[in-house]
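The values are calculated or read from the model by the stated rules, or taken from the named source; none is laboratory data. Quick caveat, the model's predicted, so the values are computed rather than measured. Cβ coordinates were reconstructed from backbone atoms using ideal geometry, including for glycine residues, and neighbour counts include every protein chain displayed.
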Amino acid sequence: MIQVKNLVKSFGDLEVLKGINCEIKEKEVVVVIGPSGSGKSTFLRCLNLLEDFQDGEVIIDGYKLKDKETDINKVREEVGMVFQRFNLFPHMTVLDNITLAPIKVRKWSKEKATEKALELLRKVGLEEKAHVYPDSLSGGQAQRVAIARALAMEPKVMLFDEPTSALDPEMVGEVLAVMKQLAKEGMTMVVVTHEMGFAREVGDRVIFMDGGYIIEEAEPSQLFDYPQHERTKSFLSKVL
Amino acid sequence: MDFRWDILQEYAPFFLKGALLTIGLSLAGIIIGSILGLAIGLGKMSPSKILKLPFVWYINFFRGTPLFVQILLIHFGVMPLILDTPQPIISAIVALSLNSAAYIAEIFRAGIQSIDRGQMEAARSLGMTKVQSMIYIILPQALKRMIPPFGNEFIVLIKDSSLVSIIAAPELMYWGRAAQGQYFRVWEPYITVAILYLVLTLTLDKLLQYIEKRYSNQ
């Protein structure tokens, strides 16, 4: 589903990704962990070209992102993204937040988009919030709406960029529960997170990044219980 | 002090006509200025240094030189190249529009750039094009924040439109000067004109406060 080949990304002189290679299969849930500044969020943002990159290749569902023939908007229709700061549209109701892209991009009828949106709101447990504005939602509710908004496009892949990092602790659980459910339904997911419990329980594979490199990747039980590299060991000893 | 009410009586219909033209000129200036200003503001935000250069200099010129000079240049310099007989009202509209466009361009740019980058990223991540993201996500939020500075510009424009009296566009100030020239009286025409400008700007101010309140409730 996703292939990344020798991905290099720098901000000016600062190289933040120094040649990333990995492959993510359909229905796989990959969790990316690592210290802050390791490049994990930048890596995720390269997967839908929110960050441009200097070298290497990202191929999503057969489309080379940087190829001149590739319409990046078409690719993004298939790649949902959830942000740390939710980024809901504050001037629209929850319902309009969710239906906007399906109507304008997928060209669905308003009825079809609304039906889908209400179904998704039910799924994330927020059906009664359809007609309120985002500023009246708690952080956990806002993030669940953001997940519903991304899912409304019926994407093939979902990217999560530290989805619980901006939440109060008591709201982390409700967002993780939605993500677990999504994983169970077979969504292909790439999740950058500090939630090690989630990584262990839900991840099919865990990638540990540091200093712009993938240091180690393995099944969660393998990586958490028998880390191979010194840097992985030292990171895990600090967070576990 | 004797106050000659008869002058006001005689000039009342002209002051009224003049005030209407002042409103018309200001409205035309703000509307055309907004359309041009949006285009210029977006142009100035272009990532390419070369592409944004003409927009930067447009703004530099119209903000950095007196409107008075611009009016004279346009009426006596530019318009004769285009029209056989330059019309003061047309010259006035052109000058006020071009001038306000420069200020409004900066208001648009500041408004758009004040919107959190995450909004554009969220919109783009959903597959929307840059233009769609602008229209549905960025501009509606930016416009709300632009209401106060935009209203300010409108008020400035109403007052500055008095400068076009110099090219004989028959707006409010023009009739004030005419009355002054006919009777050699200062207070009667000019205090009347001043009060009429005040009525226009204060009315607009109230209207803008109402609009601002209404939209901030959403």
Legend entry - Failed condition for B:Lys144, given (1) within 14 Å of chain A (Cβ to nearest Cβ); (2) of a type outside the set (A, V, I, L, M); (3) surrounded by fewer than 19 Cβ atoms within 10 Å (Cβ to Cβ); (4) not in a helix (DSSP H, G or I): (4)
Inset, instruction - Would you mind telling me which numbered condition in (1) modelled with pLDDT of 95 or more; (2) in a helix (DSSP H, G or I); (3) buried (at least 19 other Cβ atoms within 10 Å of the Cβ) B:Val156 fails? - result: (3)
Legend entry - Filter result (at the interface with chain A (Cβ under 9 Å from one of its Cβ atoms), over 19 Å from A:Glu154 (Cβ atoms) and not in a helix (DSSP H, G or I)) within the stretch B:111-128: B:Asp116
Legend entry - Checking A:Leu126 against (1) within 30 Å of A:Arg106 (Cβ to Cβ); (2) touching a residue at least 40 places away in the same chain (Cβ under 8 Å); (3) surrounded by 14 or more Cβ atoms within 10 Å (Cβ to Cβ), the condition it does not meet: (2)
Legend entry - Among the residues listed as A:Thr114, A:Thr99, the single one being in contact with a helix residue (DSSP H, G or I) (Cβ under 7 Å, 6 or more places away or on another chain), β-branched (Val, Ile, Thr), within 12 Å of chain B (Cβ to nearest Cβ) and not in a loop (DSSP other than H, G, I, E, B): A:Thr99
Inset, instruction - Run A:Lys66 past the list (1) surrounded by 20 or more Cβ atoms within 10 Å (Cβ to Cβ); (2) over 20 Å from B:Ile135 (Cα atoms); (3) of a type in the set (D, E, K, R) and report the number of the one that doesn't hold. - result: (1)
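Given A:Phe208, A:Phe198, which one is in a helix (DSSP H, G or I) and crowded, with 18+ Cβ neighbours inside 10 Å? Outline the logic, then answer.
Values: A:Phe208 fails: in a helix (DSSP H, G or I).
Going through A:Phe208, A:Phe198 in turn, the sole match is A:Phe198.
Quick grid of which residues meet (1) within 12 Å of another protein chain (Cβ to nearest Cβ); (2) touching a helix residue (DSSP H, G or I) at 6+ places or on another chain (Cβ under 8 Å); (3) farther than 15 Å from A:Asp96 by Cβ:
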site	(1), (2), (3)
A:Gly125	no, yes, yes
A:Lys129	no, yes, no
A:Tyr133	yes, yes, no
A:Gly139	no, yes, yes
A:Arg144	no, yes, yes
A:Arg149	yes, yes, no
A:Ala152	yes, yes, no
A:Val157	yes, no, yes
A:Pro163	no, yes, yes
Inset, instruction - Search the stretch B:137-164 for residues that are free of Cβ contacts under 8 Å to residues at least 60 places away in the same chain and closer than 16 Å to B:Ala194 by Cα and pair each with any residue that is part of a helix (DSSP H, G or I) and among the polar types (S, T, N, Q) when their beta-carbon atoms are under 7 Å apart and the residues are at least 6 apart or on different chains. - result: B:Ile155/B:Thr201; B:Lys159/B:Thr201
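Does A:Thr193 satisfy the condition of being surrounded by 15 or more Cβ atoms within 10 Å (Cβ to Cβ) and either out of contact with any helix residue (DSSP H, G or I) (no Cβ under 7 Å at 6 or more places or on another chain) or free of Cβ contacts under 8 Å to residues at least 60 places away in the same chain (or both)? Working first, answer last.
On the way: surrounded by 15 or more Cβ atoms within 10 Å (Cβ to Cβ): yes; either out of contact with any helix residue (DSSP H, G or I) (no Cβ under 7 Å at 6 or more places or on another chain) or free of Cβ contacts under 8 Å to residues at least 60 places away in the same chain (or both): no.
In short, no.
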Inset, instruction - Inspect the stretch A:93-116 for any residue being touching a residue at least 60 places away in the same chain (Cβ under 8 Å) and buried (at least 20 other Cβ atoms within 10 Å of the Cβ) and give the result as yes or no. - result: no
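Check whether at least one residue in the stretch A:166-180 is within 14 Å of chain B (Cβ to nearest Cβ) and in a loop (DSSP other than H, G, I, E, B), and report yes or no. Quick ask: steps written out before the conclusion?
Applying the first criterion (within 14 Å of chain B (Cβ to nearest Cβ)) to the stretch A:166-180 yields A:166.
Retained after the next criterion (residues that are in a loop (DSSP other than H, G, I, E, B)): A:166.
Among the residues of the stretch A:166-180, at least one is within 14 Å of chain B (Cβ to nearest Cβ) and in a loop (DSSP other than H, G, I, E, B), which makes the answer yes.
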Legend entry - Output for the stretch B:180-217, where each listed residue is touching a residue at least 60 places away in the same chain (Cβ under 8 Å), of a type in the set (A, V, I, L, M, F, W, C) and over 30 Å from B:Asp6 (Cα atoms): B:Leu208, B:Ile211
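Could you please find all residues in the stretch B:180-209 being over 21 Å from the mean Cα position of the chain (by Cα) and surrounded by fewer than 22 Cβ atoms within 10 Å (Cβ to Cβ)?
Step one: filter the stretch B:180-209 for residues over 21 Å from the mean Cα position of the chain (by Cα), giving B:180-192.
Matches in the stretch B:180-209: B:Gln180, B:Gly181, B:Gln182, B:Tyr183, B:Phe184, B:Arg185, B:Val186, B:Trp187, B:Glu188, B:Tyr190, B:Ile191, B:Thr192.
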Inset, instruction - Mind listing just one residue for me: the one in the stretch B:114-141 that is buried (at least 17 other Cβ atoms within 10 Å of the Cβ) and of a type in the set (Val, Ile, Thr) and, of those, farthest from B:Phe62 (Cα to Cα)? - result: B:Ile137
Legend entry - Hits in the stretch A:102-111 (condition: over 15 Å from A:Ala130 (Cβ atoms) and more than 14 Å from chain B (Cβ to nearest Cβ)): A:Ser109
